[in-house]
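Undergrad: This is the structure, below, for whatever I ask next.
Any read-out appearing in this document is the output of simple, stated calculations on the displayed coordinates, not a laboratory observation. The shown structure was predicted, so the numbers you read here are calculated from the model rather than taken from an experiment. Here the Cβ positions follow ideal geometry from the backbone for every residue, glycine too, while neighbour counts run over all protein chains shown.
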Amino acid sequence: MTHKAKILNLKDREITFEDSIRIEDILKQVEKELPYPVYLAKLDNAYRTLTHVTEHDCNIEFLDLRNQEAWLVYQNSLILIFIKAVHDVLGKNVLITVNNSLNKGLYITSPHRFTRKDVDDVEERMEEIIRADMPIVKEHMTKEGARILAQKQKLIEANKLLDSITNIDDIEIYRLEDEIQIFYNLLVPSTGYITMYDIEFYRNGLILRYPHPGDPLALAPYEEQELLYNAFSEATKWGQLMNVNFVCDLNERIIFDRVEDMVLMQEALHEKRISNIADMICEKKARVVLICGPSSSGKTTFAKRLCIQLHVNGYKTLYMGTDDYYKEYDERVYDENGEVDLETIRAIDTKLFTKQISELLEGKEVDIPRYDFSIPGKVFGERLTKIDKNTIVVIEGIHAMNDELTYTIPEEDKFKIYISPFTPISIDHHNRISTTDARLIRRMVRDHKFRSSPAQRTISMWPKVRASEESNIFPYNAKADVFFNSNCIYEFAVLKKYAEPLLKRIQRNEPEYGEAQRILSFLKYFDPIYDDSIIPNNSIIREFIGGSVIVK
């Protein structure tokens with residue numbers, strides 16, 4: 001029987017085939033017409049590895065590194081090749097831990113102290129593996145079989161995780177010759193797909209570098225991110241204090257009803273850090289505090305809790321959000337697709353903002369606007385404000401650290417804070433948890449709860465949000481005086497009960513189905529915390545699940 005595969009990102013071009021065909025074979029017929037190398041496919045809205053066989057008429061979208069899931073496929077495939085090379089060169093007993101994203105790569109640590117020769121030999125072996133284009137074979141294994149594999153490889157945390165979850169019967173494993181590893185995402189069909197990488201020494205480990213979505217054809221320039229390294233180091237210490245370093249540790253706390261102490265300790269760590277930052281601001285005698293961070297970082301709760309700590313130190317505060325300075329309806333900015341763009345700084349009335357900040361610091365009375373999205377437009381007359389020299393202005397927003405907003409203020413009068421949820425726990429040694437996923441789930445829950453927005457809309461908007469962050473937020477984080485980690489170590493277990501029903505409503509015929517299924521697959525490894533009444537009402541996580549006394 002003849003079938004048709006419609007290629008969506010080639011203007012619905014059709015490929016005909018008899019009976020059945022591998023997606024990879026369809027790709028070979030069109031790959032020269034695609035702008036970038038492909039690592040994954042979306043088949044009738046579901047993510048599928050390129051080895052998947054289709055036996056019916058279908059719609060296919062080929063995905064390159066600009067897609068979040070394809071980017072993860074590349075990273076995980078590179079990790080498997082790296083582990084295989086390490087084990088071939090240094091022996092099977094060398095344990096590799098993938099920690100977090102850092103310096104435009106992945107920060108890798110090991111009990112083994114890598115030498116220059118070690119790294120050179122590993123890179124040489126990786127090149128041999130890639131040139132040989134060895135198949136990466138996905139296999140299904142029973143949960144018990146996967147546990148035996150984890151025990152054999154001395155992956156204690158993977159074994160404990162498999163022991164703690166009850167809603168999974170089989171596990172997907174990947175085989176690269178004699179190297180067998182558990183991965184919780186899809187991988188490429190063979191090693192020849194992974195052509196761009198580099199290994200750098202960094203601190204007590206290595207940076208495994210790879211291309212980024214902004215330029216899928218080249219390695220991203222190395223970028224020193226010492227503040228980010230320190231933030232992740234602090235997050236790791238917090239996890240160690242609570243004895244929660246992996247998902248299995250969190251599940252164990254939940255199973256044995258030891259959640260309350262963990263929640264209270266997390267909140268205490270946040271409060272202590274906020275207090276320390278307030279002391280730093282006062283010591284510097286800064287007049288303006290600028291709080292910047294990507295979407296769903298908890299900027300509003302953090303900013304208002306910081307104001308309280310500044311009050312404790314004897315200062316008055318004026319809280320301002322840059323969102324209140326969006327331009328009027330007839331001045332709205334549009335993106336390349338003709339849609340209203342609220343992510344760019346061009347959407348902000350920077351002229352009014354800089355004028356009012358300067359006047360406030362000069363002691364003049366200012367009519368601070370409130371932006372009303374129902375109009376939409378700025379409303380004046382509600383916040384006639386004048387401050388004295390004992391008042392610290394706290395400004396929160398995604399563009400807060402962009403000098404275009406505060407160029408009239410001397411640098412010595414500013415204190416800059418970058419905030420993001422730096423996840424301290426991993427699924428296991430080889431499977432990290434993306435900070436981006438933490439923020440996406442937060443936003444999905446908040447958008448539904450407070451904006452009556454379905455998960456489909458949050459997911460569909462997310463690539464645009466991420467692209468804006470790459471250009472409008474991340475370039476400025478190196479200017480920060482401090483980083484604040486807004487992650488709550490227990491948050492995935494709390495968010496799960498809110499997010500799962502929203503994701504399960506997304507049907508196969510909807511474009512967001514593949515991403516919904518990916519997140520559901522990730523969340524199934526967490527035991528849920530059903531009773532979230534133990535979470536204090538000033539917690540950052542309350543900004544997303546409700547019940548906050550700070551964000552109403």
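Undergrad: Quick one: Cα convex hull volume of region 504-552, Å³ per residue?
TA: About 113 Å³ per residue, rounded to a whole number.
Undergrad: If R₀ is 22 angstrom, what is the calculated FRET efficiency for the pair residue 379 and residue 407, using the beta carbon separation as r and rounding to 0.05? Could you put the intermediate results ahead of the total?
TA: Details: r = 27 Å, r/R0 = 1.21.
The pair residue 379/residue 407 has a calculated efficiency of 0.25.
Undergrad: Please report 539, 434, 420 as a ranked list, fewest other C-beta atoms within 10 angstrom at the top and most at the bottom.
TA: Ranked by crowding around the Cβ, least crowded first: 434, 539, 420.
Undergrad: Mind ranking 332-339, 369-376 by how tightly packed they are, going by the mean number of other C-beta atoms within 10 angstrom, highest first?
TA: 369-376, 332-339
Undergrad: Report the semi-axes of the equivalent ellipsoid for region 226-545 in whole Å, largest first, where each axis is √(5λ) for an eigenvalue λ of the Cα gyration tensor. Please report the intermediate quantities before stating the final value.
TA: On the way: eigenvalues 224, 129, 55 Å².
After scaling each eigenvalue by five and taking roots: 33, 25, 17 Å.
Undergrad: What's the center-to-center distance, using Cα atoms, between region 276-353 and region 242-270 in Å?
TA: Between the Cα centres of region 276-353 and region 242-270 lies a distance of 32 Å.
Undergrad: Starting from the Cα-Cα distance between residue 245 and residue 175, subtract it from 0.36 nm times their residue separation and give me the gain in nm to one decimal.
TA: Gain on stretching residue 245 to residue 175: 22.5 nm.
Undergrad: Express the relative contact order of the chain as a whole percentage, based on alpha carbon pairs under 8 Å and six or more residues apart in sequence.
TA: Values: 952 pairs, mean separation 83.8, N = 552.
It comes to 15 percent, rounded to a whole number.
Undergrad: Test of understanding: what is the full-extension gain from residue 457 to residue 152, defined as 0.36 nm times their sequence separation minus their Cα-Cα distance?
TA: On the way: separation 305, 0.36 × 305 = 109.80 nm, distance 4.39 nm.
Value of the extension gain: 105.4 nm.
Undergrad: Hey, another quick one. Hey, could you get me the Stokes-Einstein D for region 64-137, Kirkwood radius over alpha-carbon pairs, 37 °C and 0.692 mPa s, rounded to whole µm² s⁻¹?
TA: For these conditions, the coefficient is 245 µm²/s.
Undergrad: Additional query: Please give the charge dipole size of region 2-64, origin at the Cα centre, charges +1 on K and R Cβ atoms and -1 on D and E Cβ atoms. Round to the nearest 20 debye.
TA: Once rounded to the nearest 20, the dipole reads 160 debye.
Undergrad: State the extension gain, in nm to one decimal, for the chain segment bounded by residue 358 and residue 261, taking 0.36 nm per residue of separation less the distance between their alpha-carbons.
TA: Additional length available on full extension: 30.4 nm.
Undergrad: Hey, another quick one. If one takes the longest principal axis of the Cα atoms in the chain, at what angle in degrees, from 0 to 90 and to the nearest 10, does the Cα axis of helix 513-523 lie?
TA: Between helix and principal axis, roughly 90 degrees.
Undergrad: Continuing with the same structure: Highest mean first, what order results for 382-393, 439-450 on Cβ atoms within 10 Å? Could you put the intermediate results ahead of the total?
TA: Numbers: 382-393: 14.1, 439-450: 21.7.
The packing order, highest mean first, is 439-450, 382-393.
Undergrad: Please report, in Å, the Rg and the Dmax of region 73-219, where both are computed over Cα atoms only.
TA: Gyration radius and largest Cα-Cα distance of region 73-219: 15.3, 45 Å.
Undergrad: Let me ask something else about it. With each run of n ≥ 4 DSSP H residues scored as -39500 (n - 2.57), what mean residue ellipticity at 222 nm is computed for the chain after dividing by its residue count and rounding to the nearest 500 deg cm²/dmol?
TA: On the way: 16 runs with 210 residues, N = 552.
Computed ellipticity for the chain at 222 nm equals -12000 deg cm²/dmol.
Undergrad: Sticking with this structure for a sec: Could the peptides 410-417, 13-20, 179-186 be put in order, highest first, of the mean number of other beta-carbon atoms found within 10 Å of their residues?
TA: Taking the mean over residues of other Cβ atoms within 10 Å, the ranking is 179-186, 410-417, 13-20.
Undergrad: Taking the alpha-carbon centroid of each part, what is the distance from region 153-198 to region 93-121 in angstrom?
TA: 18 Å
Undergrad: When each pair of different Cα atoms in region 286-392 is counted once in the 1/r mean, what is the Kirkwood radius in angstroms, to one decimal?
TA: After inverting the pairwise mean of 1/r, the radius is 15.4 Å.
Undergrad: Can you tell me the convex hull volume per residue for region 394-449, based on C-alpha atoms, in Å³ to the nearest whole number?
TA: 136 Å³
Undergrad: Here is a follow-up. Calculate, in whole percent, how much of the Cα-Cα pair population of region 2-64 lies beyond 13 Å.
TA: For region 2-64, the share of Cα pairs beyond 13 Å comes to 55 percent.
Undergrad: To one decimal place, what orientation-averaged projected area in nm² is obtained for the convex hull of the Cα set of region 455-552?
TA: 8.1 nm²
Undergrad: Relative to the longest principal axis of the C-alpha atoms of the chain, give the angle of the C-alpha long axis of helix 350-361, reported between 0 and 90° and rounded to the nearest 10°.
TA: Tilt relative to the chain: about 50 degrees.
Undergrad: Ok, one more. Limiting things to C-alpha atoms, what are the Rg and the maximum Cα-Cα separation (Dmax) for region 199-262, in angstroms?
TA: 17.1, 49
Undergrad: Let me ask something else about it. Using only Cα atoms and rounding to the nearest 10 degrees, what angle (0 to 90) does helix 143-152 make with the longest principal axis of the chain?
TA: Between helix and principal axis, roughly 90 degrees.
Undergrad: Then there is this: Would you mind getting me the FRET efficiency between residue 390 and residue 497? Use the beta-carbon distance for r and R0 = 51 Å, nearest 0.05.
TA: So, using R0 = 51 Å, E works out to roughly 0.70.
Undergrad: Something else: Give me P(r) over the chain, computed from all C-alpha to C-alpha distances, binned every 10 Å, as integer percentages.
TA: Final binned percentages: 3, 16, 26, 26, 17, 8, 2, 0, 0.
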